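Peer 1: Could you have a look at this structure, given as structure tokens, before my questions?
Please treat every number below as a calculation from the coordinates, not as lab data. On a predicted model such as this, the values are computed, not experimentally measured, just so you know. When we count neighbours, we look across all protein chains shown, and the Cβ atoms used for this are built from the backbone with ideal geometry, even at glycine.
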Amino acid sequence: MTDSTALTLFALGLALAASPGPDSLLIVRNTLVEGRRIGFLTLLGNRIGLCAHVAAAIAGLSVALHNSPGLYLGVRLLGAVYLVYLGASKLVARAKGTPSSAAAGPEVGLAAAAAVRQGLLNNLLNPKVSLFFLSLFPQFAAGELLSRSPVTVAACFLAGNTLWYGLLVLVVGLPGLRERMRRFQAVIDFVFAVGFVALGGVIVIEELAALGRR
């Protein structure tokens with residue numbers, strides 16, 4: 001693999017992370033509310049999910065999924081439902097008067113396993129990531145390159161993608177920033193919850209509209 005190809009894959013991973021979407025929303029929310037530790041654990045789950053996406057793309061499974069419209073639609077709708085569930089559960093907790101974890105203390109904060117699980121499921125069911133590996137990724141990582149240097153391809157892409165999210169957790173998790181945002185905790189929780197529901201709803205509407213045109 002040439003240096004230019006490696007740099008292209010690195011930049012591609014960076015660009016995917018930098019474009020706003022469900023993964024960014026969840027990582028920022030968990031870091032801002034729970035702190036850097038939970039933010040990095042959410043990122044860990046996210047990385048496991050992304051590794052699965054990369055492995056599937058290299059193995060050619062993404063092409064098979066793309067050639068099965070019904071299965072692809074199911075994956076996108078499942079991802080949308082998960083986003084709605086994340087947001088709705090937070091709105092329900094708010095309506096019941098459940099205190100936010102940051103305000104109530106570490107004993108009621110998001111557990112490590114739950115953070116990893118959220119990051120994993122959010123990435124695996126993320127329609128943006130699925131669409132990326134079905135469309136753009138094959139344009140930059142040709143079949144010959146994937147068969148010759150699969151590990152290098154994956155490493156370059158993951159390095160760029162992880163760099164962005166790692167820096168995001170470090171910045172958003174700054175103690176001073178979190179302390180200033182603590183006074184707006186209820187508003188932050190509400191905004192992110194509505195954002196999850198809205199994003200999931202938009203995906204469902206888009207998919208159903210596309211299905212109606214077929």
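Peer 1: First select every other residue whose beta carbon is under 13 angstrom from the beta carbon of Ala80; then total the charges, Lys and Arg +1, Asp and Glu -1.
Peer 2: So the surrounding residues net to 0.
Peer 1: Report the label-to-label distance for Leu131 and Val194 in nanometres (one decimal), using points 7 Å from each Cα along the Cα→Cβ vector.
Peer 2: About 2.4 nm, to one decimal.
Peer 1: Note down the nm distance, to one decimal, between modelled labels 7 Å out along Cα→Cβ at Ile205 and at Ser68.
Peer 2: Output for this residue pair reads 3.0 nm.
Peer 1: If you don't mind, there's one more thing I want to ask. Once fully extended, how much extra length lies between Ser4 and Val92, figured as 0.36 nm per residue of separation less the alpha-carbon to alpha-carbon distance?
Peer 2: 26.7 nm
Peer 1: Which far-off residues, 5 or more places away or on another chain, put their amide H under 5 Å from the one on Ser149, with H placed in the peptide plane?
Peer 2: Amide H to amide H, under 5 Å and 5 or more residues apart or across chains, Ser149 pairs with nothing.
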